[in-house]
Amino acid sequence: MQLVKVDNYEEMSKKACSIIMEHIQENRNPVIGLATGSTPEKLYSCLIDEYKQGKVSFENVTTFNLDEYVGLKKDDANSYHHYMKEKLFDHVGLGVDQVHLPDGHSEDLEQDCLTYEKQIEEAGGIDIQVLGLGLNGHIGFNEPGTPFSSRTHVVELSPSTRSANARFFSSIEEVPTQAISMGIASIMASKKILLLVSGKQKAEALHRLLNSELTEDFPASILQTHPDVTIIADELALEAS
Ligand code: GLP
């Protein structure tokens with residue numbers, strides 16, 4: 001794992017933005033894995049700025065998101081479909097045929113998981129996967145205890161993840177109890193992984209990632225075994241390390 005230390009959230013976002021831009025510019029059919037949550041918000045606004053200045057085109061880009069809540073409609077303000085449209089897709093000309101998220105509202109969730117894996121495979125796999133880090137070490141929505149061999153699957157969200165994400169909902173009761181997430185093996189199949197970590201609240205999790213043993217109790221620990229991981233972390237997140 002390569003650790004890139006930056007001063008703050010802004011710098012972390014700009015650095016990630018330049019890595020992704022470079023990849024898009026240098027590849028004919030780039031396949032980018034995207035994440036949601038607060039962490040990549042500024043990365044997305046940076047990509048939008050670059051697009052508006054004509055520095056990058058998303059014409060040949062295909063995207064796959066890590067996860068989606070179960071039970072929320074695509075246009076629900078809290079769905080990750082909605083988040084991605086609002087934070088990136090609609091501003092850079094990324095059309096519906098180019099972007100992919102697990103359905104989360106389909107009648108057959110298990111089938112949806114299989115279809116999602118197949119779509120990633122047919123696209124030639126993910127070139128760069130953007131990841132955030134959950135407080136309990138989750139990546140995507142793979143909670144502690146998820147087998148490292150897992151592929152896209154339906155997950156039960158842990159109380160700590162539901163409460164961490166409750167800030168986006170009007171009450172914790174409204175936070176879905178399940179999600180569909182790319183599995184740990186699906187994430188690990190990405191050619192390159194870009195893990196973004198910012199802020200004091202992530203310091204403990206980052207410290208654990210940098211120092212812990214490989215264990216399914218801390219899903220992000222698997223990243224230690226990936227051949228091409230870049231962690232971009234800011235000063236506050238590195239405080240405990
Ligand atoms: C959420 C998402 C993850 C995200 C992580 C961190 O639950 N499912 O994809 O990376 O937790 O979120 P945040 O960036 O808001 O801290």
Considering only C-alpha atoms, what is the centroid distance from the range 196-210 to the range 4-18, in Å? 15 Å
Rough spin-label spacing in nm, given labels placed 7 Å along Cα→Cβ, for V96 and R167: 3.3 nm
How far apart, in nanometres, would the label points at D76 and F148 be if each is projected 7 angstrom from Cα along the Cα-to-Cβ direction? 3.4 nm
Within the range 2-234, percent of DSSP bridges classed antiparallel, to nearest 5: 25 percent
Given q = 0.07, 0.13, 0.15 Å⁻¹, what are the Debye log10 I(q)/I(0) values for the chain, with equal point scatterers placed on the Cα positions and solvent ignored? -0.20, -0.75, -1.03
Rounded, prolate or oblate: which fits the range 186-241, taking a ≥ b ≥ c as square roots of the Cα gyration tensor eigenvalues, rounded meaning a/c under 1.5, else prolate when a/b beats b/c? oblate
Quick one: 3J(HN,Hα) in Hz for the range 159-173, Karplus 6.51/-1.76/1.60 with θ = phi - 60°, rounded, Gly and Pro as x. x, 5, 5, 5, 6, 5, 8, 5, 4, 8, 10, 6, 8, 5, 4
For each pair in K52/K118; K14/K191; K5/K73; K74/K200, compute the distance between the two Cα atoms and list the pairs where it is over 29 Å. K52/K118; K5/K73; K74/K200
When ranked by the protection proxy of mean other Cβ atoms within 10 Å per residue, highest first, what sequence do the peptides 124-131, 205-212 form? 124-131, 205-212
Find, to one decimal place in angstroms, the Kirkwood hydrodynamic radius of the range 1-136, where the mean of 1/r is taken over every pair of different Cα atoms and then inverted. 15.7 Å
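Each value in this text was obtained by applying a stated rule to the coordinates, not by laboratory testing. In this text the structure is predicted, and so the values were computed from the model without any measurement. Every residue, glycine as well, gets a Cβ built from its backbone with ideal geometry; the counts of neighbours run over all protein chains shown.
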